[in-house]
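Just below is one structure, and these are the notes that go with it.
The values are calculated or read from the model by the stated rules, or taken from the named source; none is laboratory data. All figures in this text were calculated on a predicted structure; none of them were measured in a lab. Here Cβ is always computed from backbone atoms with ideal geometry, including for glycine, and neighbour counts include all displayed protein chains.
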Amino acid sequence: MSLLNLPLIMTGIFAFVMLAYWLGAFFILYHLIRFGVGSSPKKMSVIFLAGSLLLSIVVVLLFGQLNFIHL
Amino acid sequence: MLTFSFFNKTNYTFEGKKDGEQVILFLHRHWWTIANRILIIVIAAFAPFVVAVAFGQILIAQNLMAIFAFLWASYYLLLWFFLFYILTIYNLNSWIVTNLRIIDQHQRGFFNQEVAELSLVNIQDVSFKMEGMIATMMNYGNIEVQTAGNDQKFRFSSIPNPQHVKDEIMKIADSVKGHNGVFNPIENPQVKQ
């Protein structure tokens, strides 16, 4: 059985893209919390984090539903 | 809830704030300057609905609904990121007028920040310019602060209510003269914080 099958490759690409997203998300959160003046950037960072977490969970669940064998 | 008090209690703290320094004016560009980019994101959010209506039957027939739903959610995740990227850059481009100085913060990307400051005692003249129909209707414009000693100008871009801001800066600048360059907001309650 080959290790380089399609589901494994796609999962690897997906994991890489999600990692890149969360790295970008970290930069947004870091800038808002560190450089933001006043309370509104902190509130904004919480809204961004909540939305990102929710959407990431949905994306991961939908990725799990994909059937690469029958594509 | 003391733990979460930083969400609603603020002393307008910022990096490099000096002891006893108080924020008098905290300014951003007018919201209209980012409205077009926000509108593009809102319009882009409707694109998957259009695709679903136009190609729904084909997607079902070809058994591609699972991959379409995955791409839809991924697309929304990306839009969410870009929306907050725009808001973050907007938020970090600010002008802070304190009782000691004026700070001009420019953020052009995650790793491109420029900060300039001007002592209140160096302010010679403040002027504003409202240019164009939209700027006049929406009441925003550019403020220029002329400094003493050199030709350098401090420029506040697309500030809401520039006339009021100009007047406030002039009041602060006038009051610091003869007070060792420090503005006391308690002695000058007419300046709104």
Of everything in segment A:45-70, what is facing chain B (nearest Cβ under 7 Å), hydrophobic (A, V, I, L, M, F, W, C) and in a helix (DSSP H, G or I)? Give them in sequence order. A:PHE48, A:LEU55, A:VAL58, A:VAL59, A:LEU62, A:PHE63
Against the condition surrounded by fewer than 11 Cβ atoms within 10 Å (Cβ to Cβ), part of a loop (DSSP other than H, G, I, E, B) and not hydroxyl-bearing (Ser, Thr, Tyr), how does B:GLU21 come out, does it pass? no
Failed condition for A:LEU19, given (1) closer than 22 Å to B:GLY109 by Cβ; (2) touching a Ser or Thr at 6+ places or on another chain (Cβ under 9 Å); (3) more than 7 Å from every other protein chain (Cβ to nearest Cβ): (2)
For segment B:49-67, which residues satisfy the criterion of being modelled with pLDDT of 95 or more and either outside any helix (DSSP H, G or I) or within 14 Å of chain A (Cβ to nearest Cβ) (or both)? none
If B:ILE96 satisfies every condition in (1) crowded, with 20+ Cβ neighbours inside 10 Å; (2) closer than 23 Å to A:LEU54 by Cβ but one, which is the exception? (2)
Can you say whether B:LEU64 is exposed (fewer than 15 other Cβ atoms within 10 Å of the Cβ) and either under 30 Å from A:GLY51 (Cα atoms) or of a type in the set (Lys, Arg) (or both), as far as the supplied structure shows? yes
Any chance B:THR13 is outside any helix (DSSP H, G or I) and either within 10 Å of chain A (Cβ to nearest Cβ) or touching a strand residue (DSSP E or B) at 6+ places or on another chain (Cβ under 8 Å) (or both): yes
